[in-house]
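Down below is the structure, laid out as structure tokens.
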Amino acid sequence: MSASLPGSRDLPRSQYDLTTYWGRVRHAADLSDPRMMFVSSSGLEQAKKLVSSYKQNHLPHMTPELWRAKKVVDSTLHPDTGEPVFLPFRMSCYVMSNLVVTAGMLTPGLQTTGTLLWQIANQSLNVAINNANANKSTPLSVPQIAKSYLMAVSASCSVALGLNALVPRLKGISPNAKLILGRLVPFAAVSSASALNVFLMRGEEIRQGIDVYPVLSEEEKKKLEESGESVQSLGKSKKAATIAVGETAISRVLNATPIMVVPPLVLVRLEKTAWLKARPRMIMPLNLGLVLATSLFALPLALGAFPQRQAISATTLEPEFWEKGGKDGQVEFNRGM
């Protein structure tokens, strides 16, 4: 992310108002823009040089070209490490990475083996994405990642298989209602497991805490720019970590809800049409198209639910931070994605 590049001058965090939900949605749409997948290594280096030029006061003000360079950098580099996130696990690739897995889980008539394989594939992808985009001030060890992965896979498979066995046994509801409930089983499994996956993969953050920083006034920012110094961490906060991980888990559920609910319900209606009955091979392409269209809209809406760079009152954290808040007594931290 741009904060990791050389230079003491801060870039504006966004060209949108991040204090509003719609502003955060538009900002998230930039970070998750699929076109960012196709930026080459040389394109990234050019963007980094342009951003560094601004941070080193070689460029006087933001321009459309500089805004695009910031978009490239922010959608590619991790905000804590400054290193590129592995392409399949970036937010810009999130929709495409999830497309095949989601369509697979929503395939009508899956048997036990198919359900298990697709749930395992989904949780494997979730583990990789959550680990790649987590706050890196408290990294997980390989054994911790393996343990969290096994627990997440077990949870999602248990929910999916349990509900698949339960729905046919329900009495007093119509066959059509059973059909709809059966199509919504992946939603229940994915939503519960996605939230659990975040807590498992980022549990070490809650146990050890994450770095928090004072919110600086404009005057303090200018002093830092002049001195060339960077903002120092006030320490690690477990309460800040709990907020960060909890909000990320909620955003995962918000993202999964329309993707796992809208396509199967629409497909149930389409399967009753004479056109699709005569063309059963079109079910899979239609399913993929519905998942893709819903995902493109749902991801920015979910990511924008909470600020990525969260600012809160220091008094909501542990007592050692109460007197260390910056502007208006506030501190901030990287929530992660």
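Report yes if some residue within segment 55-74 is free of Cβ contacts under 8 Å to residues at least 60 places away in the same chain and closer than 21 Å to L125 by Cβ; otherwise report no.
Within segment 55-74, none of the residues are free of Cβ contacts under 8 Å to residues at least 60 places away in the same chain and closer than 21 Å to L125 by Cβ.
Among the residues of segment 240-261, are any in the same structural domain as G325 (by the TED database), at negative phi and not in a helix (DSSP H, G or I)?
Residues of segment 240-261 that are in the same structural domain as G325 (by the TED database), as a first pass: 240-261.
Now narrow it down to the ones that are at negative phi: 240-261.
Those left that are additionally not in a helix (DSSP H, G or I): none.
There is no residue in segment 240-261 that is in the same structural domain as G325 (by the TED database), at negative phi and not in a helix (DSSP H, G or I).
Just to be sure before I move on: is L303 of a type in the set (A, V, I, L, M), in contact (Cβ under 8 Å) with a residue 12 or more places away in the chain and out of contact with any strand residue (DSSP E or B) (no Cβ under 6 Å at 6 or more places or on another chain) in the structure I sent?
Numbers: of a type in the set (A, V, I, L, M): yes; in contact (Cβ under 8 Å) with a residue 12 or more places away in the chain: yes; out of contact with any strand residue (DSSP E or B) (no Cβ under 6 Å at 6 or more places or on another chain): yes.
So L303 fits the description; yes.
Please specify each residue of segment 214-260 satisfying the condition of being among the basic types (K, R) and more than 30 Å from V101 (Cα to Cα).
Those that are among the basic types (K, R) and more than 30 Å from V101 (Cα to Cα): K221, K222, K223, K236, K238, K239.
Restrict the check to segment 116-131 and report whether at least one residue is over 30 Å from P280 (Cα atoms), out of contact with any Phe, Trp or Tyr (no Cβ under 6 Å at 6 or more places or on another chain) and either of a type in the set (D, E) or open to solvent by 20 Å² or more (accessible area, probe 1.4 Å) (or both).
Just the residues of segment 116-131 that are over 30 Å from P280 (Cα atoms), to begin with: 124, 126-131.
Adding the requirement that they be out of contact with any Phe, Trp or Tyr (no Cβ under 6 Å at 6 or more places or on another chain) leaves 124, 126, 130-131.
Still in the running and either of a type in the set (D, E) or open to solvent by 20 Å² or more (accessible area, probe 1.4 Å) (or both): 124, 131.
Scanning segment 116-131, I find at least one residue that is over 30 Å from P280 (Cα atoms), out of contact with any Phe, Trp or Tyr (no Cβ under 6 Å at 6 or more places or on another chain) and either of a type in the set (D, E) or open to solvent by 20 Å² or more (accessible area, probe 1.4 Å) (or both), so the answer is yes.
For residues that are assigned to a helix (DSSP H, G or I) and open to solvent by less than 50 Å² (accessible area, probe 1.4 Å), tally how many sit in segment 222-239.
Here is the first cut: in segment 222-239, the ones assigned to a helix (DSSP H, G or I) are 222-227, 238-239.
Cutting the leftovers down to open to solvent by less than 50 Å² (accessible area, probe 1.4 Å) gives us 224.
Qualifying residue count, segment 222-239: 1.
Of the conditions (1) surrounded by fewer than 18 Cβ atoms within 10 Å (Cβ to Cβ); (2) at pLDDT below 90, M201 fails just one. Which one is it?
(1)
Would you tally the residues in segment 204-240 being closer than 25 Å to A155 by Cα and touching a Leu at 6+ places or on another chain (Cβ under 8 Å)? Break it down stepwise before answering.
First, pick out the residues of segment 204-240 that are closer than 25 Å to A155 by Cα: 204-208.
From what is left, the residues that are touching a Leu at 6+ places or on another chain (Cβ under 8 Å) are 204.
Of the residues in that region, 1 qualify.
Tally the residues that are among the aliphatic types (A, V, I, L, M), within 15 Å of G109 (Cα to Cα) and either open to solvent by 90 Å² or more (accessible area, probe 1.4 Å) or at pLDDT 70 or above (or both), restricting the search to segment 167-181.
At the first step, the residues of segment 167-181 found to be among the aliphatic types (A, V, I, L, M) are 167, 170, 173, 177, 179-181.
Then keep just the ones that are within 15 Å of G109 (Cα to Cα); that gives 167, 179-181.
Subsequent filtering for residues that are either open to solvent by 90 Å² or more (accessible area, probe 1.4 Å) or at pLDDT 70 or above (or both) retains 179-181.
Result for segment 167-181: 3.
Does any residue of segment 302-320 turn out to be buried (at least 17 other Cβ atoms within 10 Å of the Cβ), in a helix (DSSP H, G or I), within 25 Å of the chain's Cα centre (by Cα) and not hydroxyl-bearing (S, T, Y)?
Checked segment 302-320: at least one residue is buried (at least 17 other Cβ atoms within 10 Å of the Cβ), in a helix (DSSP H, G or I), within 25 Å of the chain's Cα centre (by Cα) and not hydroxyl-bearing (S, T, Y).
The values are calculated or read from the model by the stated rules, or taken from the named source; none is laboratory data. All figures in this text were calculated on a predicted structure; none of them were measured in a lab. So basically every Cβ, Gly included, is an ideal-geometry build from the backbone, and we count neighbours across all protein chains shown. SASA here: full protein model, heavy atoms, side chains in, ligands and nucleic acids out. Shrake-Rupley method; radii C 1.70, N 1.55, O 1.52, S 1.80 Å.
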